[in-house]
Amino acid sequence: MAETKELLATFRFTVTLTRSPGGGAGGPALLGTGAFAECTGLDLEADIKEYAEGGRNFGMIRMVGRSKSTPLVLKRGMVVAADGGIVDSALWDWISAVVTGRLPIPRYDGLVQVHDPGMQRVLAQWSFERGLPGKVSGPVLNAKTGEVAIEELQILHEGLRMVVDL
């Protein structure tokens with residue numbers, strides 16, 4: 001267990017995946033907790049529509065359309081089992097369900113946390129809803145280097161928000 005904490009401390013970004021309410025049957029309630037060296041995709045974009053109103057010659061009317069979110073991309077890390085053990089196969093089972101079309105495919109909500117260097121405090125966190133794995137890249141295995149279990153994990157989700165009540 002101490003080795004797991006030391007491993008997580010080197011990354012500073014953790015991601016916890018829990019099954020979404022109404023997000024499909026099957027799959028564990030807690031997929032696991034992962035630690036990664038890099039996290040991108042914490043972006044939201046509003047689609048602003050411009051309309052030219054007849055008789056209004058001094059400018060356009062802007063109206064809010066649908067929002068867009070980019071996939072969450074986690075790089076160079078690993079996901080450990082929910083019980084704090086070694087690397088778990090639940091993540092790979094989830095990805096396999098998507099690739100093979102095994103129904104129902106469970107969806108997972110997630111919490112991305114940024115920790116201080118000592119892993120004592122959470123500095124910032126975001127939550128996403130109803131995630132599905134879009135892409136996973138394993139490591140290049142080389143006996144001379146200590147590679148991580150996941151080079152890149154892409155999660156496509158249906159909602160992102162910053163959690164401010166730390």
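The values are calculated or read from the model by the stated rules, or taken from the named source; none is laboratory data. Predicted model, so just to flag it, every value in this text is computed and none were measured. Virtual Cβ from ideal backbone geometry, glycine too; neighbours counted across all protein chains shown.
Odds and ends about this structure:
- Taking the criterion of being under 18 Å from Gly134 (Cα atoms) and hydroxyl-bearing (Ser, Thr, Tyr), the residues of the stretch 34-73 that qualify are Thr40, Ser69, Thr70.
- Residue within the stretch 104-119 that is touching a Gly at 6+ places or on another chain (Cβ under 6 Å), in a strand (DSSP E or B) and without any contact (Cβ under 8 Å) to a residue 60 or more places away in the chain present: no
- So Val112, is it crowded, with 19+ Cβ neighbours inside 10 Å, at pLDDT 85 or above and within 25 Å of Gly22 (Cβ to Cβ): yes
- Conditions (1) surrounded by 12 or more Cβ atoms within 10 Å (Cβ to Cβ); (2) at pLDDT 85 or above: number failed by Gly54: (1)
- The set of residues in the stretch 130-151 that are surrounded by 17 or more Cβ atoms within 10 Å (Cβ to Cβ) and of a type outside the set (A, V, I, L, M, F, W, C) comprises Arg130, Gly131, Pro133.
- The single residue among Gly32, Gly27 that is assigned to a loop (DSSP other than H, G, I, E, B), buried (at least 19 other Cβ atoms within 10 Å of the Cβ) and modelled with pLDDT under 90 turns out to be Gly27.
- Meets criteria (free of Cβ contacts under 8 Å to residues at least 60 places away in the same chain, within 30 Å of Val164 (Cβ to Cβ) and within 19 Å of the chain's Cα centre (by Cα)) for Ala124: yes
- Gly22 being over 19 Å from the mean Cα position of the chain (by Cα) and at pLDDT below 85: no
- Qualifying positions in the stretch 97-118 - of a type outside the set (Val, Ile, Thr), under 16 Å from Lys135 (Cβ atoms) and within 17 Å of the chain's Cα centre (by Cα): Tyr108, Gly110
- Pairing each residue of the stretch 81-103 that is modelled with pLDDT of 55 or more with any residue that is small (Gly, Ala, Ser), provided the two are 6+ apart or on different chains, yields C-beta distances under 7 Å for Ala81/Gly32; Ala82/Gly32; Val87/Ala149; Asp88/Gly32; Asp88/Ala81; Ala90/Gly32; Leu91/Gly32; Trp94/Gly27.
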